[in-house]
Amino acid sequence: MTVVPAPATAAGALAQAAAGELRRRTGVDAHDCAVVLGSGWDVAAEQLGQLGAEVAVGDLPGFAPQTAPGHRGLVRSYDLAGVRVLAYLGRTHLFEGFGTAAVAHPVRVAAAA
């Protein structure tokens, strides 16, 4: 008998895979907090601390393509006085048509990271 994983299990596994890739690309084992920034917030992100790494979300498992104008499709790792901050520059909106799993995926990844 073949067992098909429940959607939450599959979503969790995909988030773990993306978090693992983030760890590999950033060199950071765990981030302390995450922020999700939309259009026009790039300048604010630059104030979060010392930039450690920048990764295109398209290079991570499970992320929908960024289609909203002004969303950069990047995730950055910052060091803010010893606090590791994960910052998403852009997000997936429900109205983009990718579904709720795509909207929730970056939050799952941040929790796993």
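Summary table
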read-out: Accessible area per residue in Å² at 1.4 Å probe, computed on the chain; value: 55 Å²
read-out: Qualifying GluC sites (Glu not before Pro) for region 19-112 [loop in DSSP, other Cβ within 10 Å: at most 13]; value: Glu46
read-out: Cβ-based net charge around Arg25, under 13 Å, with every Lys or Arg adding one and every Asp or Glu removing one; value: -1
read-out: Gyration tensor over alpha-carbon atoms, the chain, equivalent ellipsoid semi-axes in Å; value: 24, 18, 10
read-out: Separation of the Gln50 and Arg24 label points, Cα + 7 Å toward Cβ, nm; value: 2.6 nm
read-out: The chain, accessible surface, carbon-and-sulfur percent (1.4 angstrom probe); value: 59 percent
read-out: Added length on full extension, which subtracts the Cα-Cα distance from 0.36 nm per residue, Ala10 to Ser39; value: 7.5 nm
read-out: Acute angle (nearest 10 degrees) that the helix 100-112 long axis makes with the longest principal axis of the chain, alpha-carbon atoms; value: 60 degrees
read-out: Folded to 0 to 90 degrees: helix 7-26 orientation relative to the chain principal axis, Cα; value: 30 degrees
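The values are calculated or read from the model by the stated rules, or taken from the named source; none is laboratory data. Every value quoted in this text rests on a predicted model; they were computed, and no experiment measured them. Neighbour counts run over all protein chains shown; Cβ positions are idealised from the backbone, glycine included. Protein only, heavy atoms only, side chains kept; ligands, DNA and RNA dropped before computing areas. Shrake-Rupley method; radii C 1.70, N 1.55, O 1.52, S 1.80 Å.
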